[in-house]
Every structure is written in structure tokens, then in C-alpha cells.
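The values are calculated or read from the model by the stated rules, or taken from the named source; none is laboratory data. Computed from a prediction, not measured in an experiment: that's the story for all the values here. FYI the Cβ positions are ideal-geometry reconstructions off the backbone, even for glycines, and counts take in every protein chain you see. In case anyone asks, the SASA skips ligands and DNA or RNA and just uses the protein heavy atoms, side chains included. Shrake-Rupley method; radii C 1.70, N 1.55, O 1.52, S 1.80 Å.
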Amino acid sequence: MNNYLKFLVIVLFIGCGNDKKTTTEVVEVDQTTIANHIKRLASDEFLGRKPFTEGEVITVNYLKDEFEKLGLSPGNEDSYFQDVPMVEITGTPSKHMVISGKKGSFNLDYLKDFVATTNKAETEVSLKSSELVFAGYGIVAPEYGWNDYEGVDWKGKTAVVLINDPGFKSGDSTLFKGNEMTYYGRWTYKYEEAARQGADGLLIIHDTEPASYGWNVIESGWTGARLTIESDLPLLNVESWISGESANKLFDASAMKGQDFKTIARDKNFEPIPLDVKVSVEIKNNIKKDVSKNVVATIPGTTRKDEFIIYSAHWDHFGIGKAIKGDSIYNGSVDNASGTAGLLAIAEAFKKSGASERSIVFIALTGEEQGLLGSAYYAENPIFNPKKTVANINIDALDSPGKMKDLTITGYGQSEMDEYAEEAAIKQNRYIIPDPVAEKGYFFRSDHFNFAKIGIPALYASGAYEGFDISIDEVKKHNDYYNANTYHQPSDEYNSETTELSGVQLDLQLFYDVGLKLSNEANFPKWYDGSEFRAARK
Ligand SMILES: [Zn+2]
């Protein structure tokens, strides 16, 4: 059952120099369409949709065929595909990282005390007696008047920085965003910034609370093969984490002996401090190159076809892996057959609606699970002018036990996309809430983040807190069960008897509504004043 009534909206356009009228019908995003596509994409036939496998070939061809059947145009000139060249780097670091000072040297042990990787596709990279300089939180944030790198020529030097940002646990909600993690708090940002500064390497000091995970996660997550995109951006020779204990040892041997480096880093007038110790480490790399694909399709606009609304969802998952309870296919039904099916269902709805003023773009992205790679590549090699891209609506892992009353926005307070979402939510008798665990930085952990980085306002949201007919406790139980038993496991499967899609439909209807409104107006939603992405829009 669905309460939506079909109705016609006549949108009048004023100010384009003509009096052309666009008639766009508001339609229902079809729940059967959603179910059919999830069922197919999450079936064993798709082999878990892993990049570079037969599962990729089946998946991207399926998506191309379905977009074509719906009558969408190829998004990349005459092709539905954007090639995404990737590099697989399997690094073997030296057993020790050597820290040497005036009073002698000591070794840090690989895995126990440090990890080291690189995104440079070179067979050998190293730090050779590279001078260590403490750079606080490793942040350059013009909107806060903050620069941890100022006044140092970083060539040949290695920065040592803290994880997270100065606001975390400061008790001051006006210092950055207080406990809420900003982009500057993420390790990805810290490596990128150090590379932009021209440094040789970066050591991030691990600390469980501000990182939000223990050393064990670093140990397992930073070994083995890593996949990255071929990029022209500056890269460090060595990206490293060191344990908190190792950091204490390092500071004890340094020019900062006896000083509280954590307090010093929080000072607004912080300046980089040379530590008078040096670091050496090397990594031998095994390099493989391969090409994966984003799938791109469009519905061209009528009078503003050079302005774009981009819907995105990652098609990839983990393929075939370690068997759990006798099942080795990681079907990824929620993550992210749901979002990929959502793209097709929303595309179908737009086709039924009739053409909008602006163009609608659908991108099924590759490599999200390996580090948001398909979207990172797109952001570096955009097909559609980012300045003319009105907004991104990203769909990842929709799963709710029924129709939700809330719409939880991850990254609430970043841009006017909040207001568009709220307006659409009110139409569905729903309310908006911010992500309750903003300190975990989920805004930076799915593909919309890469659109945000190039200045495109992005919406990432879903119903996740309270149902119309389901209590807050019951919803929480459902979410906890998913996180413990389904997330990234072979049991993330579609079941036509038990998979509940009414809440998924409601969320997709909202995303369609937001996009439809944007597609028939002249406004470009703006980033709010305090947003770390505002500068990229200018
Ligand atoms: Zn996902």
C-alpha cells in the first residue's frame, strides 16, 4: 500500500528568456522494480560483484542493458562506461622503522609498532634519514584560520601528526565542530595534505578514542594488497601509522622531550616543531594494473541540459571470499544492490515523469568497498562540469524494517541539501534528524564524499531511527542485528519472503522528489558557511 497520489505539477519557468512550460508528472518509484533488480543483482549469478572478476562483467553489462532498455542515453559520449584504471600495490615494508637522534637510535617493529604503505606505483619507496617535524593535527583549514604546516619547507621531511581534529574532546563545541569529526580529522585527508605540502612521508599517531578504532584495525587494514586509482595528484613516498606507545618513545628521544604534545597541538597559534630525530624505512612493492568501470547514463534536460543532478550508488561488493556457514558468495543485497536497484528505479520514475529542465545523471560506481575508488576517479576526471553539477544524491545500503518516520542525514549541517531533504520529508509526514554518531565521520566514508570534495553539495540519508509502525527499540534491534550478522558477510542476501522494501521505497521516493525539484528550478544549493567543502565550490 502506498499513499501517494499521482498528480500533475505544472512548473512555470520565468527568467530563461522564454515562456516555455515544462510539465513534469510526479510518479511513484516502483517497489516491484526495486525488488526485481535487487533480486537479480544480489543473486549468486552475479558472483558478489567484485571488480576485475567475471562478476564485474556481468554486473556492468546488466546495468548498461537496463539503462538502455529504459531509454537513457550513454553518459560518457557514446559509451555507458567510464574506464577506471586502478593499481594494485602489495607492499612489503622493512622489518624495522629506524628512529635516530643525537643520543642514538631505536627500532620500531613492523605491525607491532608501525605500519607503512604507499600509493606510489613504484617497486621501491623509502624514507632515508628523513627529518621528523611535529605538525600538530596536520591540518590546513582556512575557514578556521588554522595552518599546522606553515613556515616549513617540507621537501625531504616527514611530518608527525595526531589523528582527528582539535575539537574532539576539547569541551569546546566552537573549536572545529567539537566532538563531530570534520574532514580534517580523517587519515585520508592527513595523507593528502602532507603530500600537497611536498613532504616525503607522514606518520600518524594512533589513539583509540579519537580514531574510533583500536590498533588491531590498523594492523589488519594496512597490510596485504591495496587498490588505488591511477592519479596525477601528489603522493607521499610513505604513509604510516605508529602506535601511541611508539609515539611516546619517539617524543622522549626528541627535542620535545617532557612536553605534552597533545595539548600543544590544540593551540590555535601552533607552529610546526622540528623534532631533531630522523626516520628511515623502506617498502618493496609488487604492482599490478587493471581497469574497472563506472556505468554512466543520462536523461538530457530540456532547457538547461548543461546543468546536472547526479544520482550515484556503488555497484561493487566483495565477490567470493572466505566461507561463513558454508556460503562463500558475498551477495551484497543491502550493500549495495539496494542502492544500485535504486538508481534503476529512480531512472524509470524520471522517464515516466517526462523530461525535466536540467539533465539527470545516473552513475553506478566501482571500487567503493576498496576505498571509494570509482568516485575518487570520477572526481579527478569528471565527465560533467562540476561547477554546473547542481547536486549529488548518493544511495548506499538501504535497509529498514518498514516505513521510517525519520530521515537521518549523514553530514547534516553541511549544505542546503538539508532543506531540500526536509521539504521532501515533510511531504511524507517524516522528520529530519542528524546522524547520531557524527563523531565517527560516516560523511567521509561513502561515495558522496568525493563529490563533496570537488564542491558538489551532496545528500546522503536514509530512514534509520523510528518507524511509522515500528518502535525506536525495534528499529535499533534491526540495525544492531544487521551490523553484527549481515554487514559485509555472505548472509547479506535477498529473500523474497523476508526482505522488507516498503521503507527502501519511501527513501527512494524522497530522493526522486528532491532530484525532481532540483531538476526544474534555477537554484544551485549552497554549502553553509562553516562547511569545509565551501571553498571548493568557488
Ligand atoms: Zn556500501
> Mind checking which residues of the range 282-338 are among the small types (Gly, Ala, Ser) and either more than 12 Å from the ligand (Cβ to nearest atom) or in a strand (DSSP E or B) (or both)?
Replying inline: Ser292, Ala297, Gly301, Ser312, Ala313, Gly319, Gly321, Ala323, Gly326, Ser328
> Looking at the range 158-179, which of its residues are crowded, with 18+ Cβ neighbours inside 10 Å, in contact with a Pro (Cβ under 9 Å, 6 or more places away or on another chain) and in contact (Cβ under 8 Å) with a residue 40 or more places away in the chain?
Replying inline: Ala159, Leu162, Ile163, Asn164, Phe168
>> Filter the range 95-125 down to the residues that are open to solvent by 70 Å² or more (accessible area, probe 1.4 Å) and of a type in the set (Ser, Thr, Tyr) and list them by number.
In response: Ser105, Thr123
> For the range 339-365, how many residues meet the condition of being under 20 Å from Asn61 (Cβ atoms) and either within 12 Å of the ligand (Cβ to nearest atom) or small (Gly, Ala, Ser) (or both)?
Replying inline: 8
>> Yes or no: the range 453-461 includes at least one residue that is more than 19 Å from Met181 (Cβ to Cβ), away from the ligand (no atom under 16 Å from the Cβ) and open to solvent by 20 Å² or more (accessible area, probe 1.4 Å).
In response: yes
> Just a yes or no: is a residue in the range 475-495 farther than 26 Å from Glu369 by Cβ, in contact (Cβ under 8 Å) with a residue 60 or more places away in the chain and surrounded by fewer than 22 Cβ atoms within 10 Å (Cβ to Cβ)?
Replying inline: no
> Lys262 fails exactly one of the following numbered conditions: (1) without any contact (Cβ under 8 Å) to a residue 12 or more places away in the chain; (2) part of a helix (DSSP H, G or I); (3) within 30 Å of Lys95 (Cβ to Cβ). What is the number of that condition?
Replying inline: (1)
> Would you pick out the residues in the range 132-156 that are touching a Ser or Thr at 6+ places or on another chain (Cβ under 7 Å) and under 20 Å from His206 (Cα atoms)?
Replying inline: Leu132
> For the range 373-472, which fully contained helices (runs of 4 or more DSSP H) count at least 1 residues that are without any contact (Cβ under 8 Å) to a residue 60 or more places away in the chain?
Replying inline: 417-427
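The rows are residues; the columns are (1) open to solvent by 10 Å² or more (accessible area, probe 1.4 Å); (2) in contact with a Leu (Cβ under 9 Å, 6 or more places away or on another chain); (3) of a type in the set (A, V, I, L, M, F, W, C).
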residue: Lys351; (1), (2), (3): yes, yes, no
residue: Ser359; (1), (2), (3): no, no, no
residue: Tyr378; (1), (2), (3): no, yes, no
residue: Pro401; (1), (2), (3): yes, no, no
residue: Met417; (1), (2), (3): no, yes, yes
